[in-house]
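Every read-out reported here was derived from the displayed coordinates using simple, explicitly stated rules and does not represent laboratory data. All values derive from a computational prediction rather than experimental measurement. Quick reminder, even Gly has a Cβ in these numbers, built from the backbone with ideal geometry, and neighbours come from all protein chains shown.
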Amino acid sequence: MENPFLQIKSITPAEMMYLKNKTALLNEEQLKSFTILYNSKRRESDLLLIIACAGFFGVAGIQRFLVGQILMGLLFFFTAGFCGIGTIIDIINNKELANEYNAKMADECLQLI
């Protein structure tokens, strides 16, 4: 059977290994359902990077809203990204933000399957 995770756009090797470990006990139909559901819920680190960079020129904190961190997003919004420092940190750590969110979404999708 072909690896269904190769169909996910811009998946990282670490994310693929995490998903393989989490879905090892699923049958083929469950794996297909999981992949479709997970792909609809995950966030790409490139998108978070672009939106975090846009925080310097517009509204800071949108990247935090996208990963479900509403209170942190509001804090970024009202403090202009902690005067830019928090925005810079999010630019540097965009992959970790995406991986953390995607791991939560994988666990949520597994519960639904």
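Below is a table of values for the structure above.
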read-out: Under 16 Å from Lys95, Cα to Cα: aspartates and glutamates that are on another chain or at least 8 residues apart; value: Glu15, Glu44, Asp46
read-out: Spin-label model distance (nm) - Cys53 vs Lys20, 7 Å beyond Cα toward Cβ; value: 3.1 nm
read-out: Ala80 paired with Phe65, simple spin-label distance in nm, labels 7 Å along Cα-to-beta-carbon; value: 1.9 nm
read-out: Relative contact order %, the chain, counting alpha carbon pairs below 8 Å whose residues are six or more apart; value: 29 percent
read-out: Packing-based order for 17-24, 86-93, using average beta carbon neighbours within 10 Å, highest first; value: 86-93, 17-24
read-out: Sparsely packed chymotrypsin sites (Phe, Trp or Tyr not before Pro) within region 24-113, loop by DSSP, other Cβ within 10 Å at most 11; value: Phe57
read-out: Charged-residue dipole, Cβ positions (Lys, Arg, Asp, Glu), the chain about Cα centre, Debye nearest 20; value: 120 debye
read-out: Reachable lysines from Lys32, criterion Cα separation under 22 angstrom, eight or more residues apart if same chain; value: Lys9, Lys20, Lys22, Lys41, Lys104
